[in-house]
Amino acid sequence: MNDVCCGPNPETEDTEHDDEHGHGHGHDDESAPWWRDPGMLLPLGSGLLLLAGYVLEWTGAPSAVATAVLALSLLAGAWTFVPGAIKRLIRGRLGVGLLMTIAAVGAVLLGHVGEAAALAFLFSIAEALEDRAMDRARHGLRALLSLIPETATVSRLSGDVEVPAAQIQELDLLVVRPGERVATDGVVVAGTSSVDTSAVTGESIPVEVGPGDPVPAGSINGTGSLQVEATSGGTDNSLTTIVTLVEQANARKGERARLADRIARPLVPGVLILAALIVVFGFLTGDPALWTERALVVLVAASPCALAIAVPVTVISAIGAASKFGVVIKSGEAFEQLGAVTTVALDKTGTLTRGRPEVVAVETAVGHERDQVLAVAAGLERHSTHPLAAAILVAAPEPAALTDVTEHPGRGITGLRAADLGAGPTTGPGTDRVRVGSPRWVDPGALSDAADALETQGMTVAVVEIAGTAAGLVGIRDELRPEAAEAVRDLTAAGYRTVMLTGDNERTAAALAAQAGIADVRAGLLPADKAAAVESFGTQGTTAMIGDGVNDAPALAAADVGIAMGVSGSDAAIESASVAFTGTDLRLLPRAMAHARRGRRIMTGNIGLSLAIIVVLLPLALFGVLGLAGVVLVHEAAEVVVILNGVRAARRPRA
């Protein structure tokens with residue numbers, strides 16, 4: 001935000017920020033104590049010299065000595081912002097540094113060296129504290145990269161080789177021993193273990209993994225040895241992506257950032273014009289010295305420095321903190337919108353549910369057994385690509401051997417099997433026709449009531465027919481996530497309206513919504529219908545949509561805030577969303593919402609305080625109630641308060 005003030009502009013990065021101050025921190029250890037921070041040396045030196053100068057004055061030392069010490073204090077403090085202000089002025093850009101430079105020069109010309117030194121010291125120390133606050137916020141984010149080990153063990157044909165983590169290539173086979181961190185995203189190909197992903201996803205419970213399970217970069221292996229096939233390079237994985245996204249989070253400014261810009265941008269030239277008019281008034285009234293001094297005080301009183309940093313410090317602190325508990329917020333605008341949400345729309349499959357359908361009930365007709373029904377269903381479904389087929393195959397002890405299997409898209413599957421003794425009508429010597437499909441295609445017959453009951457419980461029902469008669473029902477359900485009801489309860493308690501959006505049938509949707517505690521259910525929706533529903537919610541307030549699949553992408557894009565389930569979500573969903581979870585625990589949702597609400601309150605308070613300081617100080621300066629020293633002290637103290645208040649947004653919400 002250097003266009004108008006002392007804070008860094010997210011769109012112009014740190015170069016202009018350094019120009020404004022005449023220096024850049026450039027230190028590698030942003031967590032160093034303040035007394036060892038290079039960016040604090042000149043301001044601290046200015047402060048010590050200022051104190052020494054005042055002591056010399058109070059003790060009656062020669063005025064020349066005291067003035068010389070105060071002059072050194074002025075030079076030390078001014079060196080942090082005057083060169084940058086001049087550079088920007090040459091480029092035709094105004095800033096608060098210019099206001100402070102003019103005020104300091106004018107004070108010296110009027111013989112107030114002590115006041116000029118005090119101005120330079122307080123302004124420089126406030127700038128240094130702002131830099132430090134920004135650095136600490138960024139440092140906390142960059143610390144995520146320390147979760148990636150410097151080296152990794154890669155299995156080669158010639159044996160295991162230790163290589164720098166940055167040199168890992170996709171499809172490399174990593175050997176991860178007990179207690180080691182995973183160097184990049186991958187899939188387990190051999191071994192079983194538990195993996196601690198808390199530092200990456202925010203989920204505190206270790207995850208059991210085995211062949212076929214994904215493991216994220218930065219997670220810690222438990223007691224078993226794993227072989228992991230890299231699915232991304234060592235420099236382009238989920239952790240580096242998180243850091244990149246969050247570091248770019250300020251590229252798009254939020255409503256409050258734009259409000260601060262709109263107020264502060266015209267304020268600098270406005271203040272310069274006001275000061276010039278005050279000087280002209282002094283000449284017209286015959287007392288130019290008095291009114292010139294007041295014009296200098298007005299320059300300081302009306303400087304919008306605190307206003308300009310009110311939002312950036314808060315946003316950087318809050319977004320950095322969110323990334324540490326598994327929430328990636330892609331922009332300052334998204335963060336502010338998240339804090340204003342009133343309605344939360346949730347997709348069902350893969351978001352409220354596990355995204356892994358399971359057989360949870362099997363009903364059989366007289367004369368048929370459970371294993372027989374499942375075997376026939378599995379024998380047919382192993383030829384299908386339908387998502388429910390995998391659930392049946394997992395549940396079946398041994399699929400039946402079938403021939404002439406034909407899939408009827410949108411209806412079901414048919415086939416032939418060897419007939420049992422005493423079987424019903426056959427289609428040929430020694431064979432039975434078998435079918436599996438929905439109750440709308442295969443008549444459940446005597447099992448109709450049972451089929452209705454299973455559907456009422458939120459299950460998708462597959463009817464298994466053998467030789468023209470319903471032999472059994474297979475109830476399949478994508479079970480609710482264990483934490484879903486708790487997350488919805490927390491959202492409701494916090495005052496959010498919750499809505500379920502799904503393409504599933506009304507019975508299944510209603511049953512799962514009841515378990516989750518959601519009263520408003522919209523079922524049977526196509527992707528376009530979901531987007532339309534989200535847009536309609538937007539007329540009643542700010543809406544967040546959370547989903548994970550390709551079919552959720554239109555709704556995520558239509559929402560004020562799109563939230564993607566990052567680990568299991570599709571690329572389309574993640575790209576369409578403005579917020580992404582690195583984990584799958586839905587309890588992150590109310591935590592993220594509370595975090596954003598709190599950050600929004602802090603930003604609002606900062607803007608209000610910054611404006612109040614200007615409104616109060618301006619008339620006091622104009623009418624001579626406060627002199628230069630008093631205005632400088634109050635104004636810069638307010639800036640420090642704004643910075644410290646913004647840094648509070650870095651506090652992580654309670655789990």
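A Cβ distance below 6 Å, combined with a sequence gap of six or more or placement on separate chains, defines the contacts here; from segment 157-182, residues that are crowded, with 17+ Cβ neighbours inside 10 Å reach residues that are of a type in the set (Val, Ile, Thr) and assigned to a loop (DSSP other than H, G, I, E, B) in the pairs Ala165/Ile148; Ile168/Thr184; Val176/Val182.
Quick check on segment 138-155. Is at least one of its residues touching a Phe, Trp or Tyr at 6+ places or on another chain (Cβ under 9 Å), open to solvent by less than 60 Å² (accessible area, probe 1.4 Å) and at pLDDT below 85?
The answer is no; no qualifying residue exists.
The residues of segment 601-642 that are open to solvent by less than 50 Å² (accessible area, probe 1.4 Å) and closer than 30 Å to Met545 by Cα, listed by number, are Ile602, Met603, Gly605, Asn606, Ile607.
Condition check: part of a strand (DSSP E or B), at pLDDT 90 or above and of a type in the set (Val, Ile, Thr). Does Val463 satisfy that? In short, yes. Only one residue in Pro211, Pro269 is more than 17 Å from Leu147 (Cα to Cα) and modelled with pLDDT under 85, so which one is that? Result of the check over Pro211, Pro269: Pro269.
Scanning segment 72-107 for residues that are assigned to a helix (DSSP H, G or I) and open to solvent by 60 Å² or more (accessible area, probe 1.4 Å) yields a count of 8. Checked against the criterion of being at pLDDT below 80, buried (at least 21 other Cβ atoms within 10 Å of the Cβ) and β-branched (Val, Ile, Thr), the candidates Val313, Val373, Val344 yield just one match: Val313.
Going through (1) open to solvent by 10 Å² or more (accessible area, probe 1.4 Å); (2) out of contact with any Leu (no Cβ under 9 Å at 6 or more places or on another chain) one by one, Lys330 falls short only on (2). Suppose we keep only residues that are more than 19 Å from Ala375 (Cβ to Cβ) and not in a loop (DSSP other than H, G, I, E, B) within segment 392-445. Which one would you say is modelled with the lowest pLDDT? Taking the candidates together, the pick is Gly428.
Listed here are the residues, each with its yes/no results for (1) more than 20 Å from Val632 (Cα to Cα); (2) of a type in the set (A, V, I, L, M, F, W, C).
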| position | (1), (2) |
| --- | --- |
| Val280 | yes, yes |
| Asp287 | yes, no |
| Ala295 | no, yes |
| Ala301 | no, yes |
| Pro312 | yes, no |
| Gly320 | yes, no |
| Glu333 | yes, no |
| Pro357 | yes, no |
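Given the structure, is Ala514 modelled with pLDDT of 85 or more, of a type outside the set (Ser, Thr, Tyr) and either in a strand (DSSP E or B) or surrounded by fewer than 17 Cβ atoms within 10 Å (Cβ to Cβ) (or both)? Yes.
The values are calculated or read from the model by the stated rules, or taken from the named source; none is laboratory data. In this text the structure is predicted, and so the values were computed from the model without any measurement. Note that we place each Cβ from the backbone using ideal geometry, even for glycine, and neighbour counts take in every protein chain shown. Quick note on the areas: whole protein, heavy atoms, side chains included, nothing else; ligands and nucleic acids left out. Shrake-Rupley method; radii C 1.70, N 1.55, O 1.52, S 1.80 Å.
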